[in-house]
Every structure is written in structure tokens, then in C-alpha cells.
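Working notes, structure below.
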Amino acid sequence: MPRGARPRLEREVARLRQVALDAATAGLFVFPVRAGTKVPAFHGETRCRRRGVCAEGHQGWEQRATRDRVQIRRWWSNTTRWNVGVACGPSGLVVIDLDTSTEPIRAWGGATTGREVLDQLAARHGETLPDTYAVRTPTDGEHLYFRVPEGLQLRNTIGGHGHSLGPLIDTRAGGGFVVGAGSIRPEGAYQVAEHGQVAELPTWLTTLLTPPPPSSLATPARRLSTKRANAYIAAIQADELDKVEHSQAGTRQITLLGAARVLGQLVGGGELDADNAHAALLDAARVHIGVAGFTRVEAERTIARGMTFGMRAPRTIDRGTAGADNHVDEA
Ligand SMILES: [Zn+2]
């Protein structure tokens, strides 16, 4: 190691430790993320050897994230420059993750940033965004931090899918994390863009991000307006894809099969496009491919099997006459 390198490394570890401690002081639950990346430092469930902290069952980053200063000092004590992960669920946060794109999005007035989409969304609802703590990411994205209103449990959403806010906007809540300000990637640093308090998630955003209750995923008793019917189908699809993405090693195939079957039913009923449904399922299953022997071929075969099965029991959503959008039936 060259002269002077060691003190520099130690200073950098000390700086990141302070970032983690400051986050904990602000009430956030933190955990180590691999140096220079946005990948959690802990092993994943599929690699768990049921030892140490996992002796009683696997403990992932969401379980291990903490505000405990002793634990934080222990993690950031050696010569590893862990980045600082912030677990959104335990921290009571929902973080709006605004991305950028080189491809203008026509449906959103040619927007190329999630910020533009969000501003348009706010305008459509006659609302504005409150000032809140925000972080700029190394790839020119933005993380807007909000407190989840008391008693609510929000999950992650993926831009353009299901009940997401729109393209280029992901949200991180339960089951999600963000890399905190002060962390470093080769592309640059995560930097505070807006200092100050974390605001509560405004009601209009809370409404948009609240998944439909499970009961509404059952067949609705009454006819739906076209708009409601489309939202309803999108919700079913998002729900199934979410299940696939978050399924555990032991149940992922059966979960994928079940999801393919549900989507296959909607394809059979003419509610979904077969190719799109197949692609969406494969996309959701992608996180599992290459993990514990699960192959792409196996994923594709499972999807094809489930969809074929589902298409034999077509499902249509009863909708009102065209133009009935102003007559909204609640599911
Ligand atoms: Zn484990």
C-alpha cells in the first residue's frame, strides 16, 4: 500500500461512518451497501447458510437495518468503504425516485425526466409538491424523501407499471431502499439537493400510491367505467408481477406459474396483449434467473405453460358503455 493511502482510506471510512450516524440521528434505519455500488453488503436469501444472525432464519438488509449507533460503528469500523443504505420501510419513508431518459416520452409532452412527469402529474391534480429533503444521485436522478402517513403501509412501485406514478418514477417504500447522500459511486457522489425536513407524503400522492385493497382484485360486482376497468386490469397485472419479483427461492416457480395463469386468463378475455404479458412476466422473473439454478429457459417454459392454462379460462372485465368515464363505479 503506498504511503499516505492508509490514512486517506481511514478518513473515508470515518466520513461514511459519520454519514450513517447522522442518518440514524435523523431517524433513518441504515445498513452497509457494497463500496462504490448500490448493492446491499449482506448475502441474499438464496445464499443463506443459516448461520450467525441468520441461525433462526435469514435476515436480509431490511431486517438488519438499524439506528443502533454501536452496530453502525461496528459496520463502519474497518477498512471497507461501505456506502450507506437507507431502508425505507423501517424508516417510515417513501422515496420518490426520479430517473432520466434520453428518449422523450410522448404521452407526457416529451418529458425526459421523472421530475417533469411528476410536475405534470401534480398540475393534473391541481396540486404542488411540498418542499422536502432531496438527494441528487450520481446519474442525475433525484430522490425525494417523504414520510409515510401514520398507519399506512406502502410498497415499491416501478415506473410505468401498475399503480406507479408514471414513467421514470419509481417509489421506494416497504421492501425498498435508497443509497443515502454522502455515498459514492464511480460516476460520482450522492449529494443533498434540498436540505431541511422530510415532509409528509401529500394526500393526493398517498392516494395514487395506495394499492387497491385485495378484495377489489376479486371480480367487481358492478360494471366499471372504461377508465376504471383499465386501472383495475393494470392493478391485477402489477400485483401478479410484484408477487413474482418478490417470491422466495422455494416458491418462485409456482408463483410465476400462478401469475402467468392469471395474466393468461386476461389475454384469453382480450384484456391483455399476449406478447406484452409474456414480456412483463419474463421481466418480473428476471431477478431469479441465474439464482439457485433457475434458468431463462425454465422461466419461459413456466410462463408459456401458465398462460396457456389461463387462456382456457378467459376472463373479461365488465365495463360500462363508452364515454361513461364520468360515471365512476367504485369496485
Ligand atoms: Zn441469511
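The values are calculated or read from the model by the stated rules, or taken from the named source; none is laboratory data. Predicted, not measured: the structure shown is a model, and the values here were computed from it. Reconstructed Cβ throughout: ideal geometry from the backbone, glycine too, with neighbour counts over all protein chains shown.
Being among the charged types (D, E, K, R), touching a residue at least 24 places away in the same chain (Cβ under 8 Å), more than 24 Å from A134 (Cβ to Cβ) and within 16 Å of the ligand (Cβ to nearest atom) is a property that does not hold for E10. A single entry from N78, N83 fulfils the requirement of being within 21 Å of A181 (Cβ to Cβ), in contact (Cβ under 8 Å) with a residue 24 or more places away in the chain and away from the ligand (no atom under 12 Å from the Cβ): N83.
Taking A260, is it modelled with pLDDT of 90 or more and of a type in the set (G, A, S)? Considered against the rule, which asks whether it is modelled with pLDDT of 90 or more and of a type in the set (G, A, S), A260 comes out as yes. Kindly indicate whether any position in the range 90-109 is under 30 Å from L129 (Cα atoms) and either aromatic (F, W, Y) or within 16 Å of the ligand (Cβ to nearest atom) (or both). Among the residues of the range 90-109, at least one is under 30 Å from L129 (Cα atoms) and either aromatic (F, W, Y) or within 16 Å of the ligand (Cβ to nearest atom) (or both), which makes the answer yes.
Take the range 234-252 and flag every residue that is assigned to a helix (DSSP H, G or I) and surrounded by fewer than 19 Cβ atoms within 10 Å (Cβ to Cβ). Listed by number, the residues that qualify are A234, A235, D239, K243. The residue of the range 35-48 that is surrounded by the fewest Cβ atoms within 10 Å (Cβ to Cβ), among those that are more than 7 Å from the ligand (Cβ to nearest atom) and at pLDDT below 90, is R47. For the structure I just gave you, tell me whether Q71 is surrounded by fewer than 22 Cβ atoms within 10 Å (Cβ to Cβ), outside the structural domain of Q191 (by TED's automatic domain parsing) and either of a type in the set (D, E, K, R) or within 16 Å of the ligand (Cβ to nearest atom) (or both). Spelling it out, it is not the case that Q71 is surrounded by fewer than 22 Cβ atoms within 10 Å (Cβ to Cβ), outside the structural domain of Q191 (by TED's automatic domain parsing) and either of a type in the set (D, E, K, R) or within 16 Å of the ligand (Cβ to nearest atom) (or both).
Say whether the condition of being more than 22 Å from A24 (Cβ to Cβ) and free of Cβ contacts under 8 Å to residues at least 40 places away in the same chain is met by at least one residue in the range 65-73.
no
The set of residues from the range 124-173 being free of Cβ contacts under 8 Å to residues at least 12 places away in the same chain and more than 16 Å from T210 (Cβ to Cβ) comprises R124, G126, T128, G160.
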